[in-house]
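The values are calculated or read from the model by the stated rules, or taken from the named source; none is laboratory data. Just so we're clear, the structure is a prediction, and the values are computed from it rather than from any experiment. Don't worry about glycine lacking a Cβ; one is built from the backbone with ideal geometry, like all the others, and counts go over all protein chains shown.
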Amino acid sequence: MKRWLVLAINWLAVLLPLFIMQKGIFLLYFFHKSSQLSAREIFGVFIYGLWLDVSLSSYLITLPLIFYLIQLTIEKRILPLFLKFYVPTLFFIIGLLFVGDLGIYENWSTKLNVRAIQNILNPKEMMASSGASPVWLYLLLLFAHVVYGWCGARYLCNRKFASAFGGIRWLNIPYFILMSGFTLLGIRGNIGVAPINESSAYFSKNMFANHSAINSSWYAIQSIINSKKYTKQNPYECMTEKNAVALTHKLFLSKEKTTLQLFKTEQPNIIFIQLEGFGADVVEELGGKNGLTPQLAQLIKNGLLFENIYASGFRTDQGLVAILSGFPAQPNVSIIWNVEKQEKLPTITQKLNAAGYHSMIMYGGDLKFSNFKAYAFTNNFQRIFSQSDFPVLSRTTKWGVDDGNMFEKAIDEINKLPSPFFSYLITLTSHEPYDIPDEPHFKEEGVAAKFMSSIYYVDEQVGKFIAQAKKEPWFKNTIIIFCADHGHRYPYNREILMPAVHHIPLFFYGDALNDSLIGQRIKSFGSQTDISSTLLNQLNINADDFKWSNDLLNPERINFAYYSFDDGFGWVSPADTIAFNNHPPQLIFQSDAARSSHPCIDTAKAYLQLLYNAYLEY
């Protein structure tokens, strides 16, 4: 048995130092966050994360143990040959997951999970996003993992493990079974009913400290393993359905039409501009940074602004569904990925088409990304444009066609549409890596400056688009709606799960807007999901299919906004605002630090439970 233990001990001696070094690199990479941790928290990152390191090491020793048993049975030294191939390959995969974790956490403030893996495995996403990351550092780290794996393989191959026990080979089988039991114990992390999970690494109220303690590869593997449960059962069921309905029924109780009329005509032309990553932090009128969006400032001054609107999620695919289908974002999954489910969603475009509108959607990137193309067809957009419809020379960014060229073509194509029309335009230049075809407005070094320059560029192109639109005959009967797909952690480098990151602009502009509303502000709290009911009610189109949508102009509505992040949710209202982590259950933000109770948490849990049930039923 001693010889068997030698293999396990040496295996841990190779893997655990690597995982410890990964945690150190993670802390250094995000030094602006780790510098705010106490010495106790930094020490805790290494101590509390150790069990997940051991769990992953136990997973990974399974194959060597099997080859070891075969070696003892046939008395051939096959284990060294296996280790020479297995360990460097394994460490390459571990390194790949680790650098992916660095990149994902930098942009999403979440550990590498199945949602992120699905995105980065898309070549377009991976190549485009890499421009905002230190690729040379990632390659160096990946190379270091492979070299370390090669050295680890040589070290293990030079260790002398057991041969046949006492010359009797079959006697090793009981020891193999015993070692398998120890391995299973290491994988599970305990002898209790529930196996180890990421909660074992949580030790601090600082979420970054907890995230730093979690083994990147363990979390990614567990996320893939657990992904099926998110499609088969509701992981957020915490009460009876009757209680959940009782807590949330008041949120959607009133369906009366609005008393405020926005438009001068019954069927105005509608242009919807979805702004990539335009959080409230870039809009001065919403308390954001001064001077970033001067064109939007002018439009807001002459339009109708909704001051307290929040993005339902933190990715474009979530925002697209929330706006067009009024369906809230779900943690860990996205309904747009599942064609069978997304086809059953109600959509604004279908309603408008039925009312006589002529519709088109335009996106300067690849519409196949994140199933956008399937969703565009589900929406029954009559004309669909993507980067393949533009000249090759106009694809000046890694994502595709820059927004300047997109807006120019949009004017040409809108001119071909009969009135009334519904035109949905999706910007992309302010997506990472924030490459723009013009000189950057902000000359400072760093990602934040690149982001701000991209925002300034898109804002400038919006101004040019509006100037040209005003010259067209259809503009007199047109309303233009501006809304972001999601917020952004820049320019202030906020945590992505915080309410301020999800706060986004929503405003109406155009000659079809009633004159009495110009320059006005609506203070109702709401979400992207509320746009569908608000717009359709204004057009006297039945919006009952949009069950998760509330008319923002209904005086009897409950003021609230729900949003989700990976395995957590936020709830925003005039009375209380919180952010809550589901696993482990933990309040991670509260607007009133002195407040001891938050009834809205139970309401939000009930909301999420019913939302996920709806997702499963589609």
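Listed here are the residues, each with its yes/no results for (1) more than 23 Å from SER549 (Cβ to Cβ); (2) of a type in the set (S, T, N, Q); (3) at pLDDT below 90.
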| position | (1), (2), (3) |
| --- | --- |
| ASN353 | no, yes, no |
| PHE369 | yes, no, yes |
| ILE384 | yes, no, no |
| MET406 | yes, no, no |
Inspect all residues belonging to the stretch 475-488 and state whether any of them is in contact (Cβ under 8 Å) with a residue 40 or more places away in the chain, in contact with a Lys or Arg (Cβ under 7 Å, 6 or more places away or on another chain) and assigned by TED's automatic domain parsing to the domain that holds GLU408.
yes
May I ask you to verify whether THR429 is assigned by TED's automatic domain parsing to the domain that holds ALA354 and touching a helix residue (DSSP H, G or I) at 6+ places or on another chain (Cβ under 7 Å)?
yes
Meets criteria (out of contact with any helix residue (DSSP H, G or I) (no Cβ under 8 Å at 6 or more places or on another chain), surrounded by fewer than 21 Cβ atoms within 10 Å (Cβ to Cβ), assigned by TED's automatic domain parsing to the domain that holds HIS358 and of a type in the set (Ser, Thr, Tyr)) for SER454
no
Just a yes or no: is a residue in the stretch 291-309 assigned to a loop (DSSP other than H, G, I, E, B) and free of Cβ contacts under 8 Å to residues at least 40 places away in the same chain?
yes
Please find, among SER109, SER212, the residue that is at positive phi and either buried (at least 20 other Cβ atoms within 10 Å of the Cβ) or modelled with pLDDT under 80 (or both).
SER109
Filter pass, ASP515 being crowded, with 22+ Cβ neighbours inside 10 Å and of a type in the set (D, E, K, R):
no
Can we say LYS250 is surrounded by fewer than 23 Cβ atoms within 10 Å (Cβ to Cβ), outside the structural domain of THR534 (by TED's automatic domain parsing) and not small (Gly, Ala, Ser)?
yes
Taking the stretch 587-617 only, how many residues are without any contact (Cβ under 8 Å) to a residue 40 or more places away in the chain and among the acidic types (Asp, Glu)?
2
Can you list residue pairs whose Cβ atoms sit under 6 Å apart, with the first residue in the stretch 373-388 being closer than 17 Å to ILE336 by Cα and the second being of a type in the set (D, E, K, R) and at pLDDT below 90? Count only pairs 6 or more apart in sequence or on different chains.
THR378/GLU343
With assigned to a loop (DSSP other than H, G, I, E, B) and either of a type in the set (A, V, I, L, M) or within 24 Å of ASP317 (Cα to Cα) (or both) as the only criterion, which of PRO433, PRO418, PRO440 stands out?
PRO433
Selection from the stretch 454-469 of residues touching a residue at least 40 places away in the same chain (Cβ under 8 Å) and either among the small types (Gly, Ala, Ser) or outside any helix (DSSP H, G or I) (or both) yields GLY463, ALA469
Per the filter on the stretch 574-618, residues surrounded by 18 or more Cβ atoms within 10 Å (Cβ to Cβ) and of a type in the set (Ser, Thr, Tyr) are THR577, THR603, TYR607, TYR612, TYR615
Looking only at residues in the stretch 332-366 that are of a type in the set (Asp, Glu) and farther than 23 Å from ASP530 by Cα, which one is surrounded by the most Cβ atoms within 10 Å (Cβ to Cβ)?
ASP366
In the stretch 215-237, what count of residues is obtained for those that are modelled with pLDDT under 80, of a type in the set (Gly, Ala, Ser) and touching a Leu at 6+ places or on another chain (Cβ under 8 Å)?
1
Take PHE451 and tell me if it is at negative phi, in contact with a Ser or Thr (Cβ under 9 Å, 6 or more places away or on another chain) and not in a loop (DSSP other than H, G, I, E, B).
yes
With the requirement that a residue be buried (at least 22 other Cβ atoms within 10 Å of the Cβ) and out of contact with any Phe, Trp or Tyr (no Cβ under 6 Å at 6 or more places or on another chain), what does the stretch 432-451 give you?
GLU432
